[in-house]
Amino acid sequence: MSEPEQFDDAAPALGAEAGSEPDSDATAQRQVVRVRHRRRVRGRRRGWLLLGAVVVLCLLAAAGWLIYTGLRARSELAAVRSELHSLRAEISAGDLAAAQQTARAVQAHADRAHDLTTGPAWALSAHVPLLGEPVDTARTISAAVAAVCDRALPPLVDASSSLRGSSLRRPDGSFDLARVERLSGALNTAAAVLQGAEGRVSDSSGNTWFGAVNTARADLLSQLSSLSGELHTADIAARTVPPLLGADGPKNYFVSFQNEAELRGLGGLPGAFAILHADHGRLSFSRFANDNALNAVGSGLNFGFNFDQLYSSTPHPAGDYRQSTASPHFPYAARIWVAMWQRKTGQRLDGAMTLDPTALSYLLGVVGPAQLQDGSSITAQNVVRLTEQTAYQKFAHNNSARKKFLVDIAQSVSEKLLTSKADLPGLIRAGARAVGEHRLLVWSSDTTVENQLAQTPIGGTVPVTLAPYVGLAIDNAGVNKLDYYLHAALDWNAVTCGSTRRVTVTIRLHNAAPAHLPKYVLGATGRPGFPQQPGTNRTVVQLFATEASKVVDSTVNGQPLLVSTGYEQARPAFSFTLDIPRASTDAIVLHLTEPAVPGNLISRMQPMVHPVQLTTELHSCHS
């Protein structure tokens, strides 16, 4: 077949006229090649277009799958959060059968969320530069939640069954310390799982282009950090409670009851006290007494120059029981009490504890009312008022009778706590609340135990840390009981610029004392060197700040305020004295500079009858 016959559609281009040039065949051949090339190009273009369409369809399908499974995973994680609230309520109520069923539901939701975010689409999308960041973070979140629910939740639910009063306490009322020790294994396992999950989530990106993922990551990190801290504390408790309660032999402790109607840096003036005996889980009290028993007994201790400079009251805190709680660092007071008791009786104690009427109210809310010798009841609702206000009205002219009344209250409530059959979870929650507010503290003379206690709030230590810090302590300098009516608020506002942080601390103190009070409540009013106006409260205020902080300027009610600087556990303590008239408010403003050290703000507010109202804000100068 001739070429023109094979490519009919190219005939016009061949110019087949009579008299064509001799090379017309070659020209025609070139034209044919060109035509074939154009056809191949058009074919390849159609192929690329088809391939591109397929790729786009696959990407759209993958995106649709990611959106669909992502929404379902979010729904499953929301169910996890909701079920966890139910689980806590069931454990608190002691409904362990329901708690175990809810725990299985939580695991199922968490596992489904994890499965929904582990398919090929998620795995491949997570490796796409920039666009894959939120996908990778979302996968990490679901994996962390699944790990916690699968590996940490079961041992915690099982451990909760050991906290029921019927299983932890023997028929004679003593605690089964071996069972407490076994709790440590479950708590340690759960704490390790939480710590690992927190580390993985922390390593994921929190600054992706998808804000919802960033928010979910931040919320989960906050919850993991909080729960991890709680479990760490619980693990330490499970390890320290047995030796504290005499697992390896009898122990004796000094127990002080503080009175915040007259404030001290730790909380309140130490009043009535008791000696607690612990022997293989069995607890009993051997003595109750008022502060007169130790007021004339010194401790013989010396805590060094910084302590003497900062707490320079007369009499000295280390030499007078009533002043022994001047510092918010509890080991100081505990060591003073133990030394005083040994000097007085020759008995070497194994540690010390302290609690205040508010802590007693939390505990009484669980165990129920205690009965006094006169037949009246001490309840969660009246114990604070009775001990820190009513007693001064009732025994306005008989101080000895008032002190006896307070000792009777301490003894009745303490015996009620020891003999109560209330389930332990309720008492643990009440105790944890008191510990979190620094109203219940424990110190041990056993160095190993004390080192563990110091890692938790119950140790009552002022922490040695480089992290941002703010603490408030108030010490009554008017020898009165007006602090029952004192209200305090502290606002910490900081702006970070480079290596420096500018901090403004505003403290408001309001004296809400009524017009007519007993002379004993008014204290030293009218005596030389003390406020002359009845109802005026003289107080020494101490602001504890981040290490290396400095005061730039300070005012009270807009007028210059003289501030002195001391040191507590290597951190600055800025002190000043105020006279606050009745029905008035003092507003103190301190401008500080401090290093812009990383970390979350650590706050330590003094326990008071009316808790300190704390607000904090941290900004960047570029925001």
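Measuring r between the beta carbons of residue 515 and residue 128 and using R0 = 56 Å, the FRET efficiency lands at 0.15.
Scanning residues 5 or more positions from residue 538 or on other chains, those with amide H under 5 Å from its amide H are 477, 478, 580, with H placed 1.01 Å from N in the peptide plane. I'd like the distance separating the alpha-carbon centroids of the range 182-211 and the range 426-442, in whole Å. Using only Cα atoms, the two centres lie 26 Å from each other.
Let's test the formula: R0 of 51 Å, r as the Cβ-Cβ distance of residue 379 and residue 68. What FRET efficiency results, to the nearest 0.05? Walk me through the intermediate numbers first.
On the way: r = 57 Å, r/R0 = 1.11.
Efficiency for this residue pair is about 0.35.
Listed by chain and number, the lysines placed with their C-alpha closer than 25 angstrom to that of residue 404 are 344, 394, 416, 481, 519; residues fewer than eight positions away on the same chain are left out.
If you average the sequence gap of Cα pairs under 8 Å that are 6 or more apart and divide by the length of the chain, what percent do you get for the contact order?
On the way: 1107 pairs, mean separation 65.2, N = 623.
Value for the chain: 10 percent.
Per residue, the chain exposes an accessible area of 48 Å² to a 1.4 Å probe, with every protein chain left in place. A full extension of the chain between residue 95 and residue 597 corresponds to an added length of 176.1 nm, given 0.36 nm per residue minus the alpha carbon distance. Label reach from residue 610 (point 7 Å along Cα→C-beta): in the range 358-386, no amide nitrogen lies under 14 Å.
The H on the amide N of residue 268, modeled in the peptide plane, is under 5 Å from the matching H of 259, each at least 5 residues off or on a different chain. Between residue 372 and residue 202, the FRET efficiency estimated from the beta carbon spacing at R0 = 45 angstrom works out to 0.25. Scanning the chain for trypsin sites (Lys or Arg not before Pro) in DSSP loops with at most 13 other Cβ atoms within 10 Å, what's the longest stretch left with none? Answer - 1-347. Annotation: amide H of residue 546 within the under-5 Å range of 469, sequence separation 5 or more or interchain, hydrogens built in the peptide plane.
For the pair residue 587 and residue 309, the difference between a 0.36 nm per residue extended length and the Cα-Cα distance amounts to 97.5 nm. What residues from the range 169-183 fall in the zone where the backbone N is under 16 Å from a label point 7 Å along the Cα-to-C-beta line of residue 279? Residues passing the 16 Å test: 172-175.
Evaluating 6.51 cos²θ - 1.76 cosθ + 1.60 at θ = phi - 60° for every residue in the range 137-148, the Karplus couplings come out as 5, 4, 4, 5, 4, 5, 5, 5, 4, 5, 4, 5 Hz, glycine and proline recorded as x.
For residue 219 paired with residue 401, estimate the spin-label separation in nm (one decimal), with each label point 7 Å from Cα along the Cα-to-Cβ line. Result: 5.9 nm between the two label points.
Per-atom-type breakdown for the chain gives carbon and sulfur 56% of the accessible area (1.4 Å probe, protein chains only).
Could you work out the helix-only [θ] at 222 nm for the chain, with each DSSP H run of four or more residues adding -39,500 (n - 2.57) and the total divided by the number of residues, to the nearest 500 deg cm²/dmol? Write out the running numbers ahead of the final one.
Values: 18 runs with 275 residues, N = 623.
Calculated mean residue ellipticity at 222 nm is -14500 deg cm²/dmol.
Residue-wise HN-Hα couplings along the range 197-213, as the Karplus relation 6.51 cos²θ - 1.76 cosθ + 1.60 with θ = phi - 60° gives them from phi, are 5, 4, x, 5, 5, 4, 6, 6, 6, x, 10, 7, 7, 9, x, 4, 5 Hz; Gly and Pro carry x. Placing a label point 7 Å from the Cα of residue 421 along the Cα-to-Cβ line, the residues of the range 167-185 whose backbone N sits under 15 Å from it are 167-174.
The values are calculated or read from the model by the stated rules, or taken from the named source; none is laboratory data. Since this is a predicted model, take the numbers as computed values, not measurements. Cβ sites come from the backbone with ideal geometry, for glycine too, and all protein chains shown count toward neighbours. Calculation scope for accessible area: heavy atoms of the full protein, side chains included, ligands and nucleic acids excluded. Shrake-Rupley method; radii C 1.70, N 1.55, O 1.52, S 1.80 Å.
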